[in-house]
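Asks: Could you have a look at this structure, given as C-alpha cells, before my questions?
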Amino acid sequence: MMMTLDMDTLSYDSNGLIPAIVQDNRTGEVLMLAYMNKEALQKTIATKETWFYSRSRKELWNKGATSGNRQVVKRVSLDCDQDTVLVQVEPLGPACHTGEKTCFFTTAFEEEPSIREVIHEVADEIKERRENPVEGSYTAYLFREGIDKILKKVGEETTEVVIGAKNDDKEEVTSELADLTYHTLVLMELLGVRIDDVKKVLRNRRPKSEVLKDE
C-alpha cells in the first residue's frame with residue numbers, strides 16, 4: 001500500500017534531522033537508531049533502501065553501500081507527534097558496524113530472557129542442521145530418514161496433543177504442542193515452506209471484523 005507523505009509536516013530538530021528507528025520486519029527486533037533529514041527520508045522511500053544523515057561527516061549515507069549489509073524497506077511509519085520515524089526492513093546482514101545483528105546487543109537489565117524470536121530461532125537452527133549435519137543431532141537424523149519419518153513424528157505429536165487435551169492437562173498439552181511445533185518446522189524446512197508463508201495465509205484469511213475466518 002502506497003502512502004503520500006508530506007515531508008514538510010514532520011517535526012525536524014534544529015538541525016533539520018529526525019530520529020529513525022530501524023526494526024526487523026520479520027521478528028520485530030530493533031536493529032539500530034540513526035538520523036534522517038528530508039532528503040534521506042525521500043531517498044529511503046524512493047529506493048526502498050535505508051538512507052541516513054551522518055552527523056559527524058555531515059553527509060548522506062546508504063546503509064550497506066560499503067559492507068553489503070543493506071536493509072530492504074518494507075514500511076515507513078511516523079509516531080503520533082511526527083517527530084520520529086519507524087522503518088521496518090528486511091536486513092540483508094548485520095545492522096551494527098561491530099558485526100552484531102543489532103546495535104542493541106548490550107543488555108543493561110533483563111528480568112527474563114525474551115521469547116519473542118524463539119520460533120524463528122528454532123527454524124534457523126533446523127535449517128542450519130539440514131545444511132550442515134552434526135553427528136548425533138536428532139534434527140539431522142530426521143532429515144536423513146526423510147519425509148516419511150518426519151510425517152510419522154508429526155502424526156504422533158498431533159495425537160499426543162489430542163490425548164493431553166482429553167486429559168485436561170495444560171502442562172502436557174503445552175509440552176506436546178512444543179514438540180508438534182518443532183516437528184512441523186522440520187517438515188516446513190524440508191518442503192521449503194517459510195514461517196512468513198504461513199503468516200501471509202493467516203493474514204489473508206483475517207477480515208477486519210474477525211480474528212480468523214473459517215473455511
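The values are calculated or read from the model by the stated rules, or taken from the named source; none is laboratory data. No experiment lies behind these values; they were computed from the predicted model shown. No Cβ is skipped: glycine too gets one built from the backbone with ideal geometry, and neighbour counts run over all protein chains shown. These area figures cover heavy atoms from the full protein model, side chains too; ligands, DNA and RNA do not enter into them. Shrake-Rupley method; radii C 1.70, N 1.55, O 1.52, S 1.80 Å.
Asks: Please go through the range 101-119 and pick out each residue that is surrounded by 14 or more Cβ atoms within 10 Å (Cβ to Cβ) and under 28 Å from THR181 (Cβ atoms).
Replies: Across the range 101-119, the qualifying residues are LYS101, THR102, PHE104, GLU117, ILE119.
Asks: Anything in the range 1-59 that is polar (S, T, N, Q), within 28 Å of GLU117 (Cα to Cα) and in a loop (DSSP other than H, G, I, E, B)? List them, or say none.
Replies: Listed by number, the residues that qualify are ASN25, THR27, THR50.
Asks: Do you know which of the residues in the range 112-162 that are under 28 Å from GLU29 (Cβ atoms), of a type in the set (Lys, Arg) and at pLDDT 95 or above is nearest to the chain's Cα centre (by Cα)?
Replies: That would be LYS127.
Asks: Which numbered condition trips up GLN82, out of (1) at pLDDT below 95; (2) open to solvent by 40 Å² or more (accessible area, probe 1.4 Å); (3) closer than 25 Å to GLU117 by Cα?
Replies: (3)
Asks: Please indicate, with yes or no, whether at least one residue in the range 38-53 is among the aromatic types (Phe, Trp, Tyr) and surrounded by fewer than 18 Cβ atoms within 10 Å (Cβ to Cβ). If you could, list the steps in order and put the result at the bottom.
Replies: If we filter the range 38-53 for residues that are among the aromatic types (Phe, Trp, Tyr), which is where we start, we get 51-53.
So of that shortlist, the ones also surrounded by fewer than 18 Cβ atoms within 10 Å (Cβ to Cβ) come out as none.
The answer is no, given that none of the residues of the range 38-53 is among the aromatic types (Phe, Trp, Tyr) and surrounded by fewer than 18 Cβ atoms within 10 Å (Cβ to Cβ).
A quick yes/no check of all residues on (1) free of Cβ contacts under 8 Å to residues at least 60 places away in the same chain; (2) not acidic (Asp, Glu):
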| position | (1), (2) |
| --- | --- |
| TYR53 | yes, yes |
| ALA65 | yes, yes |
| LYS74 | yes, yes |
| LEU78 | no, yes |
| VAL87 | no, yes |
| GLU128 | yes, no |
| TYR141 | yes, yes |
| ARG144 | yes, yes |
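Asks: Next question, about the same structure. If you check LYS200 against the conditions, is it open to solvent by 80 Å² or more (accessible area, probe 1.4 Å), outside any loop (DSSP other than H, G, I, E, B) and closer than 27 Å to LYS74 by Cα?
Replies: yes
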